1. Any residue in the stretch 539-553 that is touching a residue at least 60 places away in the same chain (Cβ under 8 Å) sitting within a Cβ distance under 7 Å of a residue that is away from the ligand (no atom under 16 Å from the Cβ) and not in a loop (DSSP other than H, G, I, E, B)? List the pairs, counting only those 6 or more apart or interchain.
2. Could you go through the stretch 466-477 and let me know if any residue there is near the ligand (Cβ under 9 Å from one of its atoms) and outside any loop (DSSP other than H, G, I, E, B).
3. Given (1) part of a helix (DSSP H, G or I); (2) surrounded by 22 or more Cβ atoms within 10 Å (Cβ to Cβ); (3) touching a strand residue (DSSP E or B) at 6+ places or on another chain (Cβ under 9 Å), where does residue 343 come up short, assuming only one miss?
4. Please note which strands (runs of 3 or more DSSP E) are completely contained in the stretch 124-194 and include at least 3 residues that are closer than 24 Å to residue 250 by Cβ.
5. Checking residue 355 against (1) within 16 Å of the ligand (Cβ to nearest atom); (2) assigned by TED's automatic domain parsing to the domain that holds residue 243, only one condition comes out false. Which one?
6. Identify the single condition in (1) in a helix (DSSP H, G or I); (2) within 15 Å of the ligand (Cβ to nearest atom); (3) surrounded by fewer than 22 Cβ atoms within 10 Å (Cβ to Cβ) that residue 461 does not satisfy, given that it satisfies every other one.
7. In the stretch 450-469, is there at least one residue being touching a Phe, Trp or Tyr at 6+ places or on another chain (Cβ under 8 Å), at pLDDT 95 or above, of a type outside the set (A, V, I, L, M) and over 30 Å from residue 578 (Cα atoms)?
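The values are calculated or read from the model by the stated rules, or taken from the named source; none is laboratory data. Not measured: the values here are computed from a predicted model. When we count neighbours, we look across all protein chains shown, and the Cβ atoms used for this are built from the backbone with ideal geometry, even at glycine.
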Amino acid sequence: MARMMPPAIVILGAGALDTARRIQTLYADSQVHALQGRVEADVAYAELSPHLRDLYARGTPIVALCAAGIVIRCVAPLLSNKGAEPPVLAVAEDGSAVVPLLGGLAGVNVMAREIAAALAIPPAITTSGELRFGTCVLNPPDGYALADIGQGKRFVSDLLAGESTRVEGDAPWLDDAQLPRSPSARLAIRITPRAWNGRDDELVIHPRSVVAAVTPEAVASTPAQANTAATSTADKDAAAEIAARVRSSLEAHGLASLSLAALLGSSEHMAEPALAEAAALLNVPLRFTDCDAAIDESPASLLRAALRIPYETLHDDHVQGVALALSPLAVDPGTIGRARGRLTVIGLGPGSAELMVPAARKALDQATDILGYETYVKMAGPLRAGQRVHGTDNREEMQRARHAFELASAGRSVVMVSSGDPGVFAMAAAVLEALDASEDSAWAAVELSIVPGVSAAMATAAQAGAPLGHDFCMLSLSDNLKPWSIIEKRLRHAAQADLVMAFYNPISRARPWQLDKALDIVREYRAAHTQVVLGRDIGRPAATLRTVTLGELRSADVDMRTMLIVGSSTTRRFTRGAQWVYTPRWYE
Ligand code: SAH
C-alpha cells in the first residue's frame, strides 16, 4: 500500500537540531533540512519560504521547528487551492510544543500525537472530532476513501452533539477509537464498495476493492508521440470512452467509482496512451498482465491472470471490453500484475541543486532505481533509503543503457543520470542507440522520456556574462568515439566561420597532446587577443572562472573538469563593477 511520504523536518538554527533528530527517529527515510551556513544536517536549503512552499507543493509532509506564524506565512500563498494538502506541523525548537496546522485529512493529527508522545508532551490538537474520539473518522487509511466530505462533516457534528453510532463492515482502524458505539444507534459508519445512496445518517467509506480489466480493441488508438506529455485528440476520445464504460459498469452494479482500486490492461497494450489517460481520468493506477491472446482475449481472462486474491467477477462484457472483479477487502494495486516501466534520462545541470530543472528533481524523487556514473549519482542526492542505486564506471555507457532498459521493462521506474544536459555528449544518445538496436518489444513498451538540463557551456557562459550571445558551436575534443582527423576538420571550419566555440572534454591523461594541437589550429584563424573563458567545476563548491586571451592560454591551465569557451572576433571583455565577457548580438 502507498505509505505516507517521509516528512521533511525543517530547522533554522542549531538550537533545534536535537529535537529534530528525535523526531527523525520516528519516521523511516525522513531527513532534517537545515538553513545553509547556519547548521549542517541532511539537506541544506538557501531560504526558508521558497523551500517550504516547494515541499508543500510536492505534497511532502512538513515538520517545521519554528514559530507557527512563520510556517503559516510561508505556505499561505498556496492555501486557497485546497486539493491534496500534506500534513504541516509547527514544533517548538526545544520540543515543548507540537501544533498541527494543516492536512487534517492527510493525518496531521496522527503525526502530532506520534511526535508529542516521543517528546513526552500533550499535542495541541484543535480538531473537535479528534479531541473527542481520539481519531479522525473522516481520515480513513490508505486503501479506503470517504464517499462525501460534506456528509462526513455533518455526521461528525452529530456525533459531537452526543449521538452514538454503529459500525457496519470491516474498519479495523476504528478499533482503538473512543467512538460512542451502540448496535441500536440511529447513525452508522458503513464500510462498503456500494455507492452512497444519499442517506444523512450514514458515514460511507469505500474500500478500494474493485479491479476493472479493459481490452481496448474496440477503441482506436495511435502510437505515442515520442517524448511528449501531450495526448492526441483521438487518444483522449478513446480514453474518455474507456473511462465511461468502466464507470457505467460500476454503476450497473451499484458500485461507487471511489471503490475502484486499479485499471488492468494486457501487457500488449502497455504503450497505448489511451489506457494511461483512462486510468488518469478514473484516478487509479494502471497495471498490466500477460495474457495469452491466442487462447482467450476476454477482459475476464486478464483478471484471472493478474489477481492472486479471492474475488467475485461481477461483470464480464466482452463487447464493451470491460470486466469487474470485487474483492471482499481493499486491494493493494501494487500487488496486481505490474506497472508500465519508466526510463527517464535526466541532466543534473553543472552541479548545484538550484541549477537542476524541477522535472529532473521530480523524476529522481519518483524513481525506484537510479543509474549513472558514481560521482553524478552522489550529486543527485539526497536519495530516499528505498531507492536502488546502480553506480558504474563512466566508460560502460552502452552496457548501462541496456541495464536501464532491462530494469524498466520489468516495471521499475528508472532514472538515468548525466551531468549538465543528458543530450550533450552524454547518456541520452547512448540510451536511444540501445533502443534503436533492440528488437525487444518489452523495451519498446517502456515509457521513455528525456529531461533537459543546464549544460556546462551554458552554466559557464552565464558566469562569465554572455559569450554565447551570437552564433556558436559545441565540440567535444575527445577522440575516443571519433577519429582525430574529423575533430581537426571541424575545428578548422568552425574557426574559419568565426563561430564562438565551446569545448567539452578538452583534455585528459589519456589524451595529453590533443588540446595543444587544437589550439594551434584555432590560432591559425583567430587573433592572439581573442577572449577565452575557462570555467572549472562550475556550479560546484570548488568553482573557478578565468578569462585569458588566446595568446596567453596554455593547455596546462585546462583539465577534464574545465569548459573552454573560445570567443569569436567580436567577443569582448570589459569591467564595470565586475568583469564581463560577451559576444554582441549583431555582426558587421
Ligand atoms: N552532458 C554534460 C557534458 C559531459 S562531457 C553537459 O551537458 O554539461 C564532460 C565535459 O563537460 C567535461 O570534460 C567538461 O569539459 C564539461 N563539464 C561538465 N561539467 C562541468 C562543470 N561543472 N564545469 C565545467 N565544465 C564542465
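1. Filtered contacts from the stretch 539-553: 547/531; 547/573; 547/579.
2. yes
3. Tallying (1) part of a helix (DSSP H, G or I); (2) surrounded by 22 or more Cβ atoms within 10 Å (Cβ to Cβ); (3) touching a strand residue (DSSP E or B) at 6+ places or on another chain (Cβ under 9 Å), residue 343 fails exactly one: (1).
4. So the answer is 144-146, 187-191.
5. Residue 355 satisfies all of (1) within 16 Å of the ligand (Cβ to nearest atom); (2) assigned by TED's automatic domain parsing to the domain that holds residue 243 except (2).
6. (3)
7. The answer is no; no qualifying residue exists.
Table: residues versus (1) out of contact with any helix residue (DSSP H, G or I) (no Cβ under 7 Å at 6 or more places or on another chain); (2) farther than 30 Å from residue 51 by Cβ.
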position	(1), (2)
95	no, no
107	yes, no
113	yes, no
118	no, no
145	no, yes
152	yes, yes
157	yes, yes
183	yes, yes
